[in-house]
């Protein structure tokens, strides 16, 4: 009886927690301010002494270790390495960051010192992002930060980095708010969500699909994407658009796919990160819903992990298309080629876009420290504002900075943002095609294959 | 009507598989009196065992690997029970209820992180049992899922037969009803504990191996099946085999019908699990011991 009562209690708490979490709003970043109480003694005419409390806000700063006392240059990395975060991508980001640090150390380090990386697992949770960043800055005394995959986590990390004034180069969070914050310390090389979404929107309009159903993950990433697509498609005159949100851990999409199958759209999209992407591709294909001659299938960018994709979807992956951030083989530079070859050799796996972005973000941060000649935050930030570097993703720089503020008619997210990330639409036209073999189908000027190959 | 039938058939197939998974948890609870919080991880290990064995022994038909995955899960369960759970029943633990929760939670975290370190974060999928789809007229269903459903049905039937007709089954039931009385007639309850835990872990591993070709495996794949199993066993009645079977089928149907018919499709899919939980709460309010739970004296 005692066991049963305990279990019943546990399950009821579990149920309530699930319901509360399901219904609750997405976590929002919290601005952290610390309040101190200062005691002040004031003399008055009657020569009576009183004690008055004055509350004032103070800016908190970490205690930096002077350069001369540093044996190594410590930088902090963060990203999801365990569930519920997208740990497949987070693992690749950590590997790429480690690879960049090793390469730089092999080449003599930075400012004559060895670089050391401390990588924190944020688990895809905003509160963990805050804790990890706080620890990296105050306990590990890192001089700069890089990485992160999830936007919701990046937004909280950004606040901590700003509080302590630590230069941060974000690799993957796409939320416009990351750079729209206008913080001096925050830089980003991933595309903003507005820019990323627009490439797929333009493609859909170009092909001419008129009815579209998006099944997107119920996260900040999914919502931002879906909202972007719906608004952009509406602007382009495509109004028959439906959005269905799903838990990214959903095992079985079949019932909802059977429902969609009652009135098949021109294009079905499954924008679910992680294993949910493959599950939905398979299940839509097994039902005979998509990809078919009537209904095209747009997968999440996880399809870029070609080995995993084909292993998990089998023949169902043929004719699926997806958005890819990075350089297609036709426009690889020397650094891209070296990065991909070295990554595959070192980790026995194809690197995805998050890996490439983490790699370049690490190089940018360390290059800025080298250029600044010091680890002083202000100097590093100034160096980042003036940097121009060829990375695995191409030529990297930040257009809008202190000397060249974002014009009023441009969106705020362009602040400290790399404005020309390569975003392409790629379609697998054959079974077991590698990422390099699959044709780029959009934008037209970079296309290596027809706009859309139908089954 | 066709849509209703197609949605219902999908829910029924999934429900039978859910029942198989929940049966393992029921078996453990009814004999050992503890809830195994690492049940989902045995499911996950079944999927990985199937994938790894097939990768190592190419040419083997994927169906032959299912019993091997079950045996691997059972063996691990047996070792864990002897090392960590037996002390509870030998009165060597001061606070057995709390200990059982902590030690099974600990096993869950350990297995997830061990798998992450050993196999890596990338999803894997064993070869299909039967590639392609079967057209049932009202809907198409994948060969893998149909096979998993059919095998689950056979296994559930076999388990019922063992529980009701064999000496081992009767001994397990005796221990579940009254340990002291069972001991009087010569049944070693410690051995029955080990058998029940191994069988429960083995059933979860079999469910994992059966669903791996449909859903693929990752280190955290056991979380949802695990939560669903807890709901099923309480809905059906703690310790009731019949309750687990009916509970599994009810949850399978509710999830499927909710996603198919809820007016807002987005909420239908998003709250798929929540609908099952609502049914569960309603049943508990009306019938606190679950659908088939026996009254405790």
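The values are calculated or read from the model by the stated rules, or taken from the named source; none is laboratory data. As the structure is a prediction and not an experimental result, all values here were calculated from the model. FYI the Cβ positions are ideal-geometry reconstructions off the backbone, even for glycines, and counts take in every protein chain you see.
Numerical summary
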read-out: Sole exception among (1) outside any helix (DSSP H, G or I); (2) within 11 Å of chain B (Cβ to nearest Cβ) for residue A:212, by number; value: (2)
read-out: Conditions (1) more than 21 Å from the chain's Cα centre (by Cα); (2) more than 30 Å from residue A:240 (Cβ to Cβ); number of the one not met by residue A:202; value: (2)
read-out: Residue count, segment B:131-160 (criterion: touching a helix residue (DSSP H, G or I) at 6+ places or on another chain (Cβ under 8 Å), closer than 25 Å to residue B:24 by Cα and more than 10 Å from every other protein chain (Cβ to nearest Cβ)); value: 11
read-out: Evaluation of residue A:244 against (1) at the interface with chain B (Cβ under 8 Å from one of its Cβ atoms); (2) modelled with pLDDT of 95 or more (one fails), failing number; value: (2)
read-out: Those residues of segment B:254-272 which are more than 7 Å from every other protein chain (Cβ to nearest Cβ), under 23 Å from the mean Cα position of the chain (by Cα) and either within 17 Å of residue A:218 (Cα to Cα) or modelled with pLDDT under 85 (or both), in sequence order; value: B:272
read-out: Condition check for residue B:239: crowded, with 24+ Cβ neighbours inside 10 Å, outside any loop (DSSP other than H, G, I, E, B) and at pLDDT below 90; value: no
read-out: Test set (1) surrounded by fewer than 15 Cβ atoms within 10 Å (Cβ to Cβ); (2) modelled with pLDDT of 95 or more - residue A:427 fails condition number; value: (1)
read-out: Residue in segment A:408-424 that is surrounded by the fewest Cβ atoms within 10 Å (Cβ to Cβ), counting only those that are out of contact with any strand residue (DSSP E or B) (no Cβ under 9 Å at 6 or more places or on another chain) and in contact (Cβ under 8 Å) with a residue 12 or more places away in the chain; value: A:411
read-out: Filtered residue count, segment A:264-286, keeping only those that are more than 13 Å from residue A:214 (Cα to Cα), more than 8 Å from chain B (Cβ to nearest Cβ) and touching a residue at least 40 places away in the same chain (Cβ under 8 Å); value: 2
read-out: Any hit, segment B:178-191, residues being surrounded by 14 or more Cβ atoms within 10 Å (Cβ to Cβ), touching a residue at least 60 places away in the same chain (Cβ under 8 Å), within 22 Å of residue B:21 (Cα to Cα) and in contact with a helix residue (DSSP H, G or I) (Cβ under 8 Å, 6 or more places away or on another chain); value: no
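Residue-wise test of (1) surrounded by fewer than 24 Cβ atoms within 10 Å (Cβ to Cβ); (2) farther than 26 Å from residue B:105 by Cβ.
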position	(1), (2)
B:15	no, yes
B:21	no, no
B:33	yes, no
B:40	no, no
B:45	no, no
B:58	yes, yes
B:71	yes, no
B:77	no, no
B:87	yes, no
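This table checks each residue for (1) within 14 Å of another protein chain (Cβ to nearest Cβ); (2) more than 24 Å from residue A:428 (Cβ to Cβ); (3) outside any helix (DSSP H, G or I).
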| position | (1), (2), (3) |
| --- | --- |
| A:191 | no, no, yes |
| A:194 | no, yes, no |
| A:202 | no, no, no |
| A:221 | no, no, no |
| A:231 | no, yes, no |
| A:250 | yes, no, yes |
